[in-house]
1. Give the calculated FRET efficiency between residue 115 and residue 390 to the nearest 0.05, with a Förster radius of 45 Å applied to their Cβ-Cβ distance.
2. Can you give me the P(r) profile for the range 53-95? Cα pairs, bins 10 angstrom wide beginning at 0, each as a whole percent.
3. Provide 127, 111, 334 in ascending order of the number of other Cβ atoms located within 10 Å of each residue's Cβ, fewest first.
4. Given 20 °C and 1.002 mPa s, compute D for the range 64-191 with the Stokes-Einstein relation, Rh being the Kirkwood radius over Cα pairs; round to the nearest whole µm²/s.
5. Using the Kirkwood formula on the Cα atoms of the range 177-242, what hydrodynamic radius do you get, in angstrom to one decimal?
6. Please state, to two decimals, what the Cα-based radius of gyration of the range 132-192 comes to when divided by 2.2 N^0.38 Å (N = residues).
7. Which aspartates and glutamates, if any, have their Cα less than 14 Å from the Cα of residue 25, not counting same-chain residues under 8 positions apart?
8. Please give the per residue volume of the convex hull enclosing the alpha carbon atoms of the range 124-269, rounded to a whole number of Å³.
Amino acid sequence: MALLLLSILVALVYSAFGASMNAVKPITPTLNVPKEIQLDWSEYSPYFPLDEYRDVPGGCEIDQVNILQRHGARFPTTGANTNIKAALAKLLAVRHYTDPQLDFLRNFTDDLGSNDLVPFGAAQSYDAGIEAFQRYTHLITEENIPFVRASGSERVIVSAMNWTQGFSAASFHKYNPKLSVILDESLNDTLDDNMCPDAGSSDPQTNLWQSTFAPPITLLLNEGAPDANLTDTDTSSLISMCPFETVFKEQRSPFCDLFAPMPGAFPGFAYGGDLDKYYGTGYGQALGPVQGVGYVNELLARLTNSPVQDETQTNHTLDSDPTTFPLNRTIYADFTHDNQMIAIYSAMGLFRQATPPDPTKPSPTRNWRASSLVPFSGRMVVERLKCGSTPSVRILVNQQVQPLEFCGGDKNGVCTVNAFVKSQAYARNNGNGDFEKCFA
């Protein structure tokens, strides 16, 4: 039902506004929250481009595009929502608030759902489809339209479908890509981190940071809500109400106003997300990067127009069939989750850190920020270029060109396809034995 409603949502928006325009315009609403605060929402931040899109260098032209995109904004997951409701129950049971900032709770109703995409997230995905069409129109013909896959969670499927609708609307329905493959998350799936049962978690690092930044904020909350007996975990859950309510209701949540004056609340919350990604499926997790190997090997197959070579997460049946894994398309779009995108970045060698993030002290100059790496509707775009007679590649993450130092990237972030393939030895070697450790 949610899938149908969100598909109808974007269709209605287009029919109401799009047909009267010379060019289809974005539909994602602007949230009444400063960008700097939204960027402190960690992986719950909405997508913002990190840079202006740069044209490819002179003498080069794009001949293939691979888009890897996170689903759009959603409700909290079931586990997160359970924690949120437990924290809210403590606050709402208080009879008298001594802090007037909490008075909004007297008439507060918690109506957050769980897991599903929200309309704001559907609009984000729709707009991403518009952008893809407008940027890469020259790659599209009626015989060669984007090939689209999605991991099997409903929010990912709906995001993919709204992307295809945005792409179609931008072409005034001349080109109508479909969601061609849905990868079952209980089976081999390169778009979900579900195949490494022995991988560790980020709990040691995130719990240490929570015990570092949250106590002063928890103290303020308990002083304002006598007898609530909130814990630091409750505090983190309540801070997350700011992004979740805001993207759901498309207006500033009162929880944003509650925490904005509290020193360190949003920056502390943001750093918790950074640590979660780094030590969850990123470089700080011994079996994190291996979970991205399958997708990297699929990418190499597309870039080189050759069969997939992988013994990790790929579905051999699907990847060996040209109907479900074609090698003759100019645009590929894959829809996934944030944790899987982090694993793929790490398998590939993007965003390497000179030193691991300290769970007790964030570096203000760090470039490992979840809001920049995997926001709602965040995306990695791998463009294959033809530079003269040389097949080349460049990678953009949330529109920022990556330096690709690991394959000899030049000042424009371009390296040859051959050099890129050679740089991906970890993936080509199936994780150097790490995948087997997932089942030790």
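No value in this document is a laboratory result; all are computed from the given coordinates. Since the structure is predicted, the reported quantities are computational estimates derived from the model, not experimental observations. Note that each Cβ is placed from the backbone with ideal geometry, even for glycine, and that neighbours are counted across all protein chains shown.
1. Values: r = 45 Å, r/R0 = 1.00.
Once the sixth-power term is evaluated, E becomes 0.50.
2. Using 10 Å bins, I get a P(r) of 18, 23, 17, 13, 15, 10, 3 for the range 53-95.
3. Values: 127 23, 111 8, 334 26.
By the 10 Å Cβ count, ascending: 111, 127, 334.
4. Working: Rh = 17.2 Å.
Approximately 125 µm²/s, per Stokes-Einstein.
5. Details: mean 1/r = 0.0648 Å⁻¹.
Its Kirkwood hydrodynamic radius stands at 15.4 Å.
6. Numbers: Rg = 12.6 Å, N = 61, 2.2 N^0.38 = 10.5 Å.
Expressed relative to 2.2 N^0.38 Å, the Cα Rg reads 1.20.
7. Cross-link targets: 127, 131.
8. On the way: hull volume 24.9 nm³, N = 146.
Value for the range 124-269: 170 Å³ per residue.
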